[in-house]
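Written below as structure tokens is the structure these notes are about.
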There are 2 protein chains.
Amino acid sequence: MDPTINVSGVSQLFQLLRDGVPRTRAELAKSTGLARSTIAARVDELMRLGLITPIAETVSTGGRPPSQFALNPSARLVLAADLGASHATLAVTDLAGSVIAEHSEPLDISLGPVPVLTWLLEHAAELLERLGRPASDLAAIGMGIPGPVEHSTGQPVNPPIMPGWDRFDVPGWVRQHLDVPVLVDNDVNIMALGERAVAWPGVEHLMFVKVATGIGAGVISGGSLQRGAQGIAGDIGHVQVARGAGVPCHCGNKGCLEALASGPAIARALRAQGVPAESGNDVVDLVKRGNIDAIQAVRQAGRDIGEVLTTCVSLVNPSVIAIGGSMARVGEHLIAGVREVVYTRSIPLATEHLAIVQSAAAQNAAVLGASMLAIEHALSPETLTALVSA
Amino acid sequence: MDPTINVSGVSQLFQLLRDGVPRTRAELAKSTGLARSTIAARVDELMRLGLITPIAETVSTGGRPPSQFALNPSARLVLAADLGASHATLAVTDLAGSVIAEHSEPLDISLGPVPVLTWLLEHAAELLERLGRPASDLAAIGMGIPGPVEHSTGQPVNPPIMPGWDRFDVPGWVRQHLDVPVLVDNDVNIMALGERAVAWPGVEHLMFVKVATGIGAGVISGGSLQRGAQGIAGDIGHVQVARGAGVPCHCGNKGCLEALASGPAIARALRAQGVPAESGNDVVDLVKRGNIDAIQAVRQAGRDIGEVLTTCVSLVNPSVIAIGGSMARVGEHLIAGVREVVYTRSIPLATEHLAIVQSAAAQNAAVLGASMLAIEHALSPETLTALVSA
């Protein structure tokens, strides 16, 4: 039997076992259509790699070999990084996405790629040391950055707030110091992955909308993250909204959603009304203290966002829109504005089964999504094929 | 060797040969990693099924077996149907999507499913008879209809202009009379597939916008047609546009794109100016005769469409927007309006490599797309596996 076919049997088996549900050899044979003798050989191979583990049964089998198997989530680790504009979070997770060590601190992305990635490598080494695990246990690194990324190369492309990062070979640089696969994506894209993993497993059409200093969306359609031709799919912050006429945006255009409904934009509008608010955080505090002007401003921002999302609902027909980012901490006031407009303006069929909800993953969405990105790569049929053939 | 693995080798080989490029056994072994002996057996199997054919070389090989193989496009046929609101086109194509027989005539979709599908079966039989091919040569039927379709079942869902079709089991009914797989999709979705096949092979992010009695879009993202949670992704005709305030739409809402920029809407606007235009076709004729009012009205409709497409460009980041449907026959005037707004309002990175063009497939887009839908199914690994195992 030739080796390629051999490997493909292994992968088929493993993709089945990834859900963590223990199965017997007989169940595996039935689900895959592979012969019993083939199953036995493949199970041994996956055990040898440490990727699956025997599960003890409640009733003793009297010394016979253990008969159920499942994914061994602690076989390997992944490193997940959420690099924000001014803050970075690093986590080590197992192959099921559970965080087992974490570090977070203020870090300015505009320091440039070498200082930021050096920080990442140093703290990754610290986390592994704390866990007593060698670097060779790392199966992949997943990373989110606040700018557009060319998916095939992992290179930032024209990121507006990341000086020095344009076309920097992030995976190449990291791999000179730590030789594992490096997956880089836009922060909002990985938030969408994290949100789905936490709250909507199996949902195939989901939009994650981040409302913070900027506004952007991560779009999962047909089960997959959609990145678009230039890697900027979901970049809805610079769509013009009706109320925006004449309001200048930092992008150079006028009337953009971000110039009206982002945290700084809401704060600016409140200051113009004589309400002291310097930042999005101040707005959140005001809303939490029940300030009526702040509540109304946030509700209006929700309506502006809803105006843009109405078109998105028609175009991609999601079943879930999750609103996250720092401004989502104001709670229902923002979501209420979004719902008001989306439900008024959309065709009934598009909203009949549409949930518009606050992010459940909240501030963990990004780091969990980065972990998902890394795990998806580490457990893919291609990676497994390479492992078995090696 | 167990049969499942055997079949997966066949499929791997065939997916490679589908592009029509002739390959030798040695080339196939190199590309697939399968052993030479395996390749020989699989090639024989695919030849037996008639799916691949030996290609004669220019230099005689002196009686040895032919050494190059490629897809045999005439091995099987597919039936492609474009069922419009008031017109139907039926085509028989080969497995490369070339039309080999066609029939077209006025047919009212509102007659209901049984009369329309009976018409389809009768004319399919006629076309096959004309070609001298038995019904058993049909590998699949692809069908486009003017309404939302639940992709998994092929059932129309709340189609507004198709009385009697709601939740009708189209594949089930057809298969009672002609036992082949039946794939049903929305007309604009299959137009997107047809447009890509004709003009943009390999393009992964494409939007096809149909401008006719209604306005809708078919969205290809990440290489796949995106249908959304309810099968209505791309239904952009009822997004509200700035100029639309107060204009009533047949959907019950106000200010929808379709109420301003569809063929009937442009004709109505012209009549209000005293220009005699009863329909979209009249508008096209006026523009072709150089009527300035009609040209201006079409240009403005293009701007309205562009307003909605600007958000679409930000959300899905396509590399191609193809404008088709009966109103696209006015040529550059409509496209110019679309470009004017999209290029003014979008962020530069989103439009740097974006082509906004007239549909190249034009009125053939739907029937070609229906053929693609059927071929994709007929040549899929799953179908092939079933064939070989049978």
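With the structure loaded, tell me whether A:Ala322 is touching a Leu at 6+ places or on another chain (Cβ under 8 Å) and more than 20 Å from B:Thr311 (Cα to Cα) or whether it fails that test.
Values: touching a Leu at 6+ places or on another chain (Cβ under 8 Å): yes; more than 20 Å from B:Thr311 (Cα to Cα): no.
No; evaluated as a whole, the condition is false for this residue.
Any residue in the stretch B:251-270 that is loosely packed, with under 15 Cβ neighbours inside 10 Å, more than 20 Å from B:Ala328 (Cβ to Cβ) and of a type in the set (S, T, N, Q)?
No, the stretch B:251-270 contains no residue that is loosely packed, with under 15 Cβ neighbours inside 10 Å, more than 20 Å from B:Ala328 (Cβ to Cβ) and of a type in the set (S, T, N, Q).
Take the stretch A:326-356 and flag every residue that is under 18 Å from the mean Cα position of the chain (by Cα) and open to solvent by 40 Å² or more (accessible area, probe 1.4 Å).
Within the stretch A:326-356, A:Ser326 is the sole residue that qualifies.
Say whether the condition of being of a type in the set (Val, Ile, Thr) and modelled with pLDDT of 95 or more is met by at least one residue in the stretch B:265-276. Before you say what the answer is, go through the steps one by one.
Filtering the stretch B:265-276 for residues of a type in the set (Val, Ile, Thr) gives B:266, B:275.
From what is left, the residues that are modelled with pLDDT of 95 or more are B:266, B:275.
Yes, there is a match, as at least one residue in the stretch B:265-276 is of a type in the set (Val, Ile, Thr) and modelled with pLDDT of 95 or more.
Somewhere in the stretch B:62-85, is a residue assigned to a helix (DSSP H, G or I), farther than 19 Å from B:Leu183 by Cβ and not basic (Lys, Arg)?
Applying the first criterion (assigned to a helix (DSSP H, G or I)) to the stretch B:62-85 yields none.
So far as the stretch B:62-85 goes, no, none of its residues is assigned to a helix (DSSP H, G or I), farther than 19 Å from B:Leu183 by Cβ and not basic (Lys, Arg).
State whether the residues of the stretch A:20-30 include one that is open to solvent by less than 10 Å² (accessible area, probe 1.4 Å), part of a helix (DSSP H, G or I) and in contact with a helix residue (DSSP H, G or I) (Cβ under 6 Å, 6 or more places away or on another chain). Steps first, please.
First pass over the stretch A:20-30, keeping only residues open to solvent by less than 10 Å² (accessible area, probe 1.4 Å): A:28.
Restricting the remaining residues to those that are part of a helix (DSSP H, G or I) gives A:28.
The next check asks that each one be in contact with a helix residue (DSSP H, G or I) (Cβ under 6 Å, 6 or more places away or on another chain); those that pass are A:28.
Yes.
Against the condition within 13 Å of another protein chain (Cβ to nearest Cβ), more than 30 Å from A:Leu13 (Cα to Cα), buried (at least 17 other Cβ atoms within 10 Å of the Cβ) and touching a Ser or Thr at 6+ places or on another chain (Cβ under 9 Å), how does A:Thr311 come out, does it pass? Outline the logic, then answer.
Details: within 13 Å of another protein chain (Cβ to nearest Cβ): yes; more than 30 Å from A:Leu13 (Cα to Cα): yes; buried (at least 17 other Cβ atoms within 10 Å of the Cβ): yes; touching a Ser or Thr at 6+ places or on another chain (Cβ under 9 Å): yes.
Spelling it out, A:Thr311 is indeed within 13 Å of another protein chain (Cβ to nearest Cβ), more than 30 Å from A:Leu13 (Cα to Cα), buried (at least 17 other Cβ atoms within 10 Å of the Cβ) and touching a Ser or Thr at 6+ places or on another chain (Cβ under 9 Å).
Which residue, of B:Asp137, B:Asp185, is more than 30 Å from B:Val330 (Cβ to Cβ), in the same structural domain as B:Ala378 (by TED's automatic domain parsing) and touching a residue at least 40 places away in the same chain (Cβ under 8 Å)?
Values: B:Asp185 fails: more than 30 Å from B:Val330 (Cβ to Cβ).
Checking each option against the conditions leaves just B:Asp137.
Residues that are within 13 Å of chain A (Cβ to nearest Cβ), at pLDDT 95 or above and buried (at least 22 other Cβ atoms within 10 Å of the Cβ): does the stretch B:362-380 have at least one? If you could, list the steps in order and put the result at the bottom.
So the first thing to find is which residues in the stretch B:362-380 are within 13 Å of chain A (Cβ to nearest Cβ), and the list is none.
Checked against the condition, which is being within 13 Å of chain A (Cβ to nearest Cβ), at pLDDT 95 or above and buried (at least 22 other Cβ atoms within 10 Å of the Cβ), the stretch B:362-380 yields no hits at all.
In the set B:Thr93, B:Thr89, which member is in contact with a Leu (Cβ under 9 Å, 6 or more places away or on another chain), open to solvent by less than 10 Å² (accessible area, probe 1.4 Å) and assigned by TED's automatic domain parsing to the domain that holds B:Asp166?
Result of the check over B:Thr93, B:Thr89: B:Thr93.
Here's the yes/no breakdown for (1) among the hydrophobic types (A, V, I, L, M, F, W, C); (2) farther than 30 Å from A:Val209 by Cα; (3) without any contact (Cβ under 8 Å) to a residue 60 or more places away in the chain:
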site: B:Thr310; (1), (2), (3): no, no, yes
site: B:Ser326; (1), (2), (3): no, yes, no
site: B:Ile335; (1), (2), (3): yes, yes, yes
site: B:Arg345; (1), (2), (3): no, no, yes
site: B:Ser359; (1), (2), (3): no, yes, no
site: B:Val367; (1), (2), (3): yes, yes, no
site: B:Met372; (1), (2), (3): yes, yes, no
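Keeping to the stretch A:251-282, report how many residues are part of a helix (DSSP H, G or I) and touching a residue at least 12 places away in the same chain (Cβ under 8 Å). Please lay out each step first, then the result.
Taking the stretch A:251-282 and keeping what is part of a helix (DSSP H, G or I), we get A:258-261, A:263-272, A:280-282.
Okay, now just the ones that are also touching a residue at least 12 places away in the same chain (Cβ under 8 Å), so A:258-261, A:263-267, A:269-270, A:280-282.
Total meeting the criteria: 14.
For the stretch B:156-235, give me every one of the strands (runs of 3 or more DSSP E) that falls completely inside it and has 3 or more residues that are at the interface with chain A (Cβ under 10 Å from one of its Cβ atoms). Working first, answer last.
Working: elements: B:182-186, B:206-211, B:215-221, B:224-226.
Qualifying strands (runs of 3 or more DSSP E): B:215-221, B:224-226.
Quick check on this structure: which one of B:Leu257, B:Leu286 is of a type in the set (A, V, I, L, M, F, W, C) and under 26 Å from B:Arg196 (Cβ atoms)?
Working: B:Leu286 fails: under 26 Å from B:Arg196 (Cβ atoms).
Result: B:Leu257 is the single residue among B:Leu257, B:Leu286 that is of a type in the set (A, V, I, L, M, F, W, C) and under 26 Å from B:Arg196 (Cβ atoms).
Only one of B:Arg243, B:Arg167 is more than 30 Å from B:Leu354 (Cβ to Cβ), surrounded by fewer than 17 Cβ atoms within 10 Å (Cβ to Cβ) and touching a residue at least 12 places away in the same chain (Cβ under 8 Å); which? Quick ask: steps written out before the conclusion?
Details: B:Arg243 fails: more than 30 Å from B:Leu354 (Cβ to Cβ).
Result of the check over B:Arg243, B:Arg167: B:Arg167.
Looking only at residues in the stretch B:314-350 that are within 8 Å of another protein chain (Cβ to nearest Cβ) and part of a helix (DSSP H, G or I), which one is nearest to B:Ala269 (Cα to Cα)?
Filtering first and then ranking leaves B:Arg345.
Name the pairs: first residue in the stretch B:39-55 and free of Cβ contacts under 8 Å to residues at least 24 places away in the same chain, second residue assigned to a helix (DSSP H, G or I), Cβ to Cβ under 7 Å, at least 6 apart or on different chains?
From the stretch B:39-55, the pairs are B:Ala40/B:Arg25.
Would you check if there is a residue in the stretch B:316-325 being modelled with pLDDT of 95 or more, at positive phi, open to solvent by less than 10 Å² (accessible area, probe 1.4 Å) and assigned by TED's automatic domain parsing to the domain that holds B:Glu258?
Yes: one or more hits.
To keep it simple, each residue is scored yes or no on (1) part of a strand (DSSP E or B); (2) among the acidic types (Asp, Glu); (3) surrounded by fewer than 16 Cβ atoms within 10 Å (Cβ to Cβ).
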{"position": "B:Ser110", "(1), (2), (3)": "no, no, yes"}
{"position": "B:Leu120", "(1), (2), (3)": "no, no, no"}
{"position": "B:Glu126", "(1), (2), (3)": "no, yes, yes"}
{"position": "B:Glu129", "(1), (2), (3)": "no, yes, yes"}
{"position": "B:Gly147", "(1), (2), (3)": "no, no, no"}
{"position": "B:Thr153", "(1), (2), (3)": "no, no, yes"}
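Hey, does the stretch A:351-359 have a residue that's modelled with pLDDT of 95 or more, away from chain B (no Cβ under 14 Å) and in a loop (DSSP other than H, G, I, E, B)? Steps first, please.
Start the filter on the stretch A:351-359 by keeping residues that are modelled with pLDDT of 95 or more, which leaves A:354-359.
Now restrict to residues that are away from chain B (no Cβ under 14 Å): A:357-359.
Within this subset, residues satisfying the condition of being in a loop (DSSP other than H, G, I, E, B) are A:359.
Yes, the stretch A:351-359 contains a residue that is modelled with pLDDT of 95 or more, away from chain B (no Cβ under 14 Å) and in a loop (DSSP other than H, G, I, E, B).
The values are calculated or read from the model by the stated rules, or taken from the named source; none is laboratory data. All values derive from a computational prediction rather than experimental measurement. A quick note on method: Cβ atoms are made from the backbone with ideal geometry, for glycine too, and the neighbour counts reach across all protein chains shown. Areas reflect the complete protein model, heavy atoms only, side chains present, ligands, DNA and RNA absent. Shrake-Rupley method; radii C 1.70, N 1.55, O 1.52, S 1.80 Å.
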